[in-house]
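Visitor: Pasting a structure here, questions to come.
Laboratory data are not the source of any read-out in this text; all were calculated from the coordinates shown. Quick caveat: nothing in here was measured; it's all calculated off a predicted structure. Cβ coordinates were reconstructed from backbone atoms using ideal geometry, including for glycine residues, and neighbour counts include every protein chain displayed.
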Amino acid sequence: MAWEEWEQLKTDAAARRSTQMQINHVAPEGGGTFGDLKVKNADLEKIGKEAHSLFEHLGREGKVSLASSDSAASNLKQQGFDLAAGLQHVSNRWEKQLGSLLDACAQISNHLHRTQSIHGGDEDYIRRTMSSIDTLDQGFDERVGKAGKPNPAYYGKPSEKKDD
């Protein structure tokens, strides 16, 4: 493929891209590109704590409300009110919905906690691997030592010989 043809194909592709619809974002000012998504552990920790706090609060308050409704429904039924069945139905639905909401809060909290642990481990692994690669690169890099001489990154610094 000739160089001119390649340049023409790139120009055509860029022209087609600029006319496409872009959803869920606005082009950055200055025409740059978007960077990587960065989330700090502190942000994840705050969200996880809020989800856990919501879980605890809903657990306490929601169950108190549920017990009150069940008690009221039972009391109305004993007194012969038809409203008791309706109130019991609402209480049952509330219990089901409360359970679903509590499960969702627990999953969010647990997932964010696990995500922090996993990504922290990944970061440590990448850091260790990269530092090992740097050390290995030094062993193959002529710039570390003079050509034809042992590489000090691998062999260490030459020891000074003492004459007997």
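Visitor: Calculate the spin-label point distance for Q97 paired with I118, positioning each point 7 Å from the Cα along the beta-carbon direction, and give it in nanometres.
Guide: Using points 7 Å along Cα→Cβ, the separation is 3.2 nm.
Visitor: What fraction, in whole percent, of alpha-carbon pairs in segment 71-127 exceed 18 Å separation?
Guide: Details: 966 of 1596 pairs.
The proportion of pairs with Cα distances above 18 Å equals 61 percent.
Visitor: Still on this structure, I have one more. How far is it, in nm, from the label point at H89 to the one at D12 when both lie 7 Å from their Cα along the line to the Cβ?
Guide: In this crude spin-label approximation the distance works out to 6.6 nm.
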